[in-house]
1. Take the Cα coordinates of the chain, assign each an equal point scatterer, and use the Debye formula without solvent to give log10 I(q)/I(0) at q = 0.15, 0.18, 0.19, 0.22 Å⁻¹.
2. Given the options 39, 15, 51, identify the residue whose Cα lies farthest towards the positive end of the charge dipole of the chain (+1 on Cβ of Lys, Arg; -1 on Cβ of Asp, Glu).
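Bear in mind these aren't lab numbers, they're just calculated from the coordinates by the rules spelled out. Because the structure is predicted, anything quoted here is derived from the model rather than measured. Cβ: placed from backbone, ideal geometry, glycine included. Neighbour counts: every protein chain shown.
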Amino acid sequence: MVPSFRKFVGMVLLVVFVVVYALIAMVIGDMTLQTASTLVRFTYFAIAGLIWVIPAGAIIWWMEKGGKNRT
């Protein structure tokens, strides 16, 4: 795959992933933690707000992987 096309696909995939992940995390948090304490809600949203970095890093790694082998 051409590196510039790989980066375009990765960028679109990353934006779609972040939007969908944020919406799903909000819905899960809102539906399941309505009666939970503030500390539990804060902990959930803190973890959910940081965990998206792992798949996003994998997408970025895939985007950059193809460009380094070609000159």
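1. Each listed q corresponds, in turn, to -0.59, -0.72, -0.76, -0.90.
2. In the chain, that residue is 15.
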